[in-house]
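First up is the structure itself, then whatever we jot down about it.
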Amino acid sequence: MFATMLPPAATSPAPAAEEIALRQIAGPREVVLRLHDAAGDPGAEAYVVEADDVVGPAGGKAAIASVVTFTGPMSPAVKQAADRAERDRIGPEMAAHATSTVRVLRLWQPERRRKVVVVMTVDQPALESGFRRITTMELLPGEDPALLPGPDHVEIFEVSS
């Protein structure tokens, strides 16, 4: 599966299995996150969908999203450390403490070595609670903080579809 994040009027490189319209809360930006089956031609700007996880109680409808961007290029060591942090620390912690439905898409752009994490939840307080939890977590044994530089920027969007 691959994903694209393009302006609403942009032509998609392939038919989308799912489209999620996002409108920036504190700015003019609008994008459509399109998820595509692996059969299509992703194009050079597409992201590989490394994970598409839903955690928390079922039934919530996404109303707010954060787009967390690690601009890159990420070195192999930084990518490996980030993958471990997501898999072994952040993901399990969020799953254990989610009080509302949360969907997390982890996207990787191999040509630019860029990572984007899209977190969608039912409301802003749930999103903020998740951010607080992540930023106060202890590192696991063997995690090197020098290899976990944090995102380059975070944008908050309303989910309109």
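Among the residues of the stretch 1-41, those that are hydrophobic (A, V, I, L, M, F, W, C) and outside any strand (DSSP E or B) comprise Met1, Ala9, Ala10, Ala14, Ala16, Ala17, Ile25, Ala26, Ala38, Ala39. Among residues of the stretch 16-33 that are of a type in the set (Gly, Ala, Ser), those with a beta-carbon under 6 Å from a residue that is in a strand (DSSP E or B) and surrounded by 13 or more Cβ atoms within 10 Å (Cβ to Cβ) at least six positions away or on a different chain give the pairs Ala16/Arg34; Ala16/His36; Ala17/Leu35; Ala21/Val32. Just one of the listed residues (Pro73, Pro57) is outside any strand (DSSP E or B) and over 17 Å from Gly130 (Cβ atoms), and it is Pro73.
For the stretch 111-149, a residue qualifies if it is of a type in the set (A, V, I, L, M), surrounded by 16 or more Cβ atoms within 10 Å (Cβ to Cβ) and not in a helix (DSSP H, G or I), and the qualifying residues are Val116, Val117, Val118, Val119, Met120, Val122.
What are the residues in the stretch 1-35 that are among the polar types (S, T, N, Q) and crowded, with 17+ Cβ neighbours inside 10 Å, if any?
Selection gives Thr4 alone.
Of these, Ala96, Ala44, which one is closer than 30 Å to Thr11 by Cβ, loosely packed, with under 14 Cβ neighbours inside 10 Å and modelled with pLDDT under 90? Just a single option satisfies the conditions, and that option is Ala44.
Scanning the stretch 42-54 for residues that are in a strand (DSSP E or B) and hydrophobic (A, V, I, L, M, F, W, C) yields Val48, Val49, Ala51, Val54. Can you spot a residue in the stretch 153-161 that is out of contact with any His (no Cβ under 8 Å at 6 or more places or on another chain) and assigned to a helix (DSSP H, G or I)? Scanning the stretch 153-161 turns up no residue that is out of contact with any His (no Cβ under 8 Å at 6 or more places or on another chain) and assigned to a helix (DSSP H, G or I).
The values are calculated or read from the model by the stated rules, or taken from the named source; none is laboratory data. The shown structure was predicted, so the numbers you read here are calculated from the model rather than taken from an experiment. So basically every Cβ, Gly included, is an ideal-geometry build from the backbone, and we count neighbours across all protein chains shown.
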